[in-house]
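A short worksheet on the structure shown next.
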């Protein structure tokens, strides 16, 4: 945790001032081409391997391990346009970027003149000004954040929750309770309050990489049975690891003069 400073800092418009110390993205990041501004598809990794994506898709069509099974019904998402540097963008109402490694997330934040949050910055941001264990309060409330959902995407697609984690359809899966992965800011109670502002989805939606030499991501993703809130942490993967559940948000130092 960061020790709060009794000072006002100035942050970019898409970020929230946290603890008088650091600026934190209001929403989980998505990606766009740095020069053209064209959005990257959030359903594919930045190092898009089209052959791998298509192979997973067709393997799903051939494989029926269990019921229920959506693999034959869901088409492959549109393949994104190749080329160039990708930068992180923080805005409401978009599908956040999964399939991110820590290295890719760090590069996307750098392209936006930001950086990955440190673990202490991320945890401080998540607990809010009241320093609670969850963004909304001290005790777990089911449904307050998009976590511990009713099913798992690769179980619904393939009948196997332990495999197919690079299937580009995973974060497009919906149940009768709605999309498993929600648009940024679509879970309004999951808001960590800072003054008159808030940071959304630090718990749930996607796991979020934090900076450091050893890989770690925080917060838990939508299907993980997680009741640890801001303290949910996975450190068993290297920084090069990615799957449908791994995303990020960026941090930055306060603007000069703030």
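Each reported figure results from applying straightforward, stated rules to the coordinates on display, with no laboratory input. It should be emphasised that the depicted structure is a prediction, and the values quoted were computed from it without experimental measurement. Methodologically, a virtual Cβ is constructed for each residue, glycine included, from the backbone with ideal geometry; neighbour enumeration extends over all protein chains shown.
How would you classify segment 84-198 from its alpha-carbon gyration tensor, with a ≥ b ≥ c the square roots of the eigenvalues: rounded for a/c under 1.5, else prolate if a/b is greater than b/c, otherwise oblate?
Details: a/c = 1.97, a/b = 1.15, b/c = 1.71.
It is oblate, given that a/c is not under 1.5 and a/b is not larger than b/c.
In vacuum, with every alpha carbon of segment 112-174 counted as one equal point scatterer, what does the Debye formula give for log10 I(q)/I(0) at q = 0.20, 0.22, 0.27, 0.28 Å⁻¹? Two decimals, please.
-0.88, -0.88, -0.99, -1.04
Cα gyration tensor of segment 184-258, axes a ≥ b ≥ c as square roots of the eigenvalues: rounded (a/c below 1.5), prolate (a/b > b/c) or oblate? Each step should come with its number before you reach the end.
Working: a/c = 2.21, a/b = 1.23, b/c = 1.80.
Oblate, because a/c is 1.5 or more while a/b does not exceed b/c.
Using the count of nearby Cβ atoms within 10 Å as a rough guide to exposure, how do 124, 175, 132 rank from fewest to most?
So the ranking, lowest neighbour count to highest, is 175, 132, 124.
Could you give the angle, 0 to 90 degrees to the nearest 10, between helix 50-62's Cα long axis and the longest principal axis of the Cα atoms of the chain?
Tilt relative to the chain: about 50 degrees.
Can you compute the helix-only [θ] at 222 nm over the chain? Use -39500 (n - 2.57) per DSSP H run of at least 4 residues, normalise by all residues, nearest 500 deg cm²/dmol.
-4000 deg cm²/dmol
Normalised by the residues of segment 15-252, what does the relative contact order come to in percent, with Cα pairs under 8 Å and at least six apart? Don't skip to the end; give the middle numbers.
Numbers: 559 pairs, mean separation 69.2, N = 238.
29 percent.
Which order do the peptides 143-149, 186-192 take when ranked by the mean count of other beta-carbon atoms within 10 Å per residue, highest first? Walk me through the numbers on the way to the answer.
Numbers: 143-149: 20.7, 186-192: 19.1.
Going from most to least packed, we get 143-149, 186-192.
Per 10 Å bin, what is the whole-percent P(r) computed from every C-alpha pair distance within segment 15-252?
Here the calculated profile for segment 15-252 is 8, 34, 37, 17, 3, 0.
What does the highest-first list of 4-14, 242-252, 37-47 look like by mean Cβ count within 10 Å?
On the way: 4-14: 12.7, 242-252: 25.1, 37-47: 18.2.
Top of the packing list down: 242-252, 37-47, 4-14.
Show me 27-34, 176-183, 227-234, 200-207 ranked by packing, highest mean number of other Cβ atoms within 10 Å first. Can you show the working numbers first?
Working: 27-34: 22.6, 176-183: 16.2, 227-234: 19.0, 200-207: 28.4.
With the highest mean Cβ count within 10 Å placed first, the list reads 200-207, 27-34, 227-234, 176-183.
Over segment 132-258, what is the relative contact order in percent, taking alpha-carbon pairs closer than 8 angstrom and at least six residues apart? Walk me through the intermediate numbers first.
Numbers: 223 pairs, mean separation 34.3, N = 127.
So the answer I get is 27 percent.
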